[in-house]
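Single-structure report; data block below.
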Amino acid sequence: VVDGKVYVTVRYATVFGTELYALNAADGATVWSYPPGGSANWSAICYENGRVFALNNSGLLRAIDGDTGNVIWSRQLFGTNFTSAPTVFQGVIYIGGSANGTAHAVSAETGNVLWSATVGAGSTTAAVTTDGVYLSYSCVDFSRLNPADGSLIWRNYGACGSGTGRAPAIYNGRAYVRSPS
């Protein structure tokens, strides 16, 4: 919710795909809508500086003008089966991974891929600070990457349970992650 609008993605009821809506926060009226595409019933968004960044499950990332719904740029990312929301921080969009185990950093201004890094297989929403991109995958596979170049700063691999990664949280200089078991 920002600048009098509510941005949300909604799954189609009868066919594959989703729709991104900008709704008027005062009365719920549709301001604009846009189909992010993809081959499944999943998409996710984040927002910064008047732009909505929409990612579909196929790895297609788009910057969309928050006022008009016009596409500013579009970028196909390497990977398959993206299922975690993008995170935008200080002009960079971080994608926590995909089924093939690749995380990405993308310029919010241009859509250029700044770096890609091999990480745990699966998807996780990244927690980002000025000095770390934190990612958590199944089996308590918890990593901190350098936000500038995607290089590994540290990795903590714990006992394997069941389930997938959990979104990490950063608070007061500490990193927190839930165990899937």
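The values are calculated or read from the model by the stated rules, or taken from the named source; none is laboratory data. Computed from a predicted model, the values in this text were never measured in an experiment. Backbone-built Cβ (ideal geometry, glycine too); neighbour counts: all protein chains shown. We work out accessible area using only protein heavy atoms, side chains counted, and drop any ligands, DNA or RNA first. Shrake-Rupley method; radii C 1.70, N 1.55, O 1.52, S 1.80 Å.
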Scan VAL88, VAL92, VAL6 and give me the residue that is without any contact (Cβ under 8 Å) to a residue 40 or more places away in the chain and out of contact with any Lys or Arg (no Cβ under 6 Å at 6 or more places or on another chain). VAL6
Conditions: (1) at pLDDT 95 or above; (2) loosely packed, with under 15 Cβ neighbours inside 10 Å; (3) of a type outside the set (Asp, Glu). ILE64 meets all but one. Number of the miss? (2)
Strands (runs of 3 or more DSSP E) wholly inside the stretch 1-55 containing at least 3 residues that are open to solvent by less than 50 Å² (accessible area, probe 1.4 Å): 5-11, 18-24, 43-48
Answer yes or no as to whether ARG51 is under 13 Å from the mean Cα position of the chain (by Cα), farther than 28 Å from ARG178 by Cα and not β-branched (Val, Ile, Thr). no
Just one of SER74, SER116 is modelled with pLDDT of 95 or more, surrounded by fewer than 18 Cβ atoms within 10 Å (Cβ to Cβ) and of a type in the set (Ser, Thr, Tyr); which is it? SER74
Return yes when PHE142 is modelled with pLDDT under 90, part of a loop (DSSP other than H, G, I, E, B) and aromatic (Phe, Trp, Tyr) and no when it is not. no
Matching strands (runs of 3 or more DSSP E) fully within the stretch 72-139 where at least 2 residues are aliphatic (A, V, I, L, M): 92-95, 102-107, 113-118, 127-129, 132-137
Specify which of the listed residues (GLU48, GLU19) is touching a residue at least 60 places away in the same chain (Cβ under 8 Å) and of a type in the set (D, E, K, R). GLU48
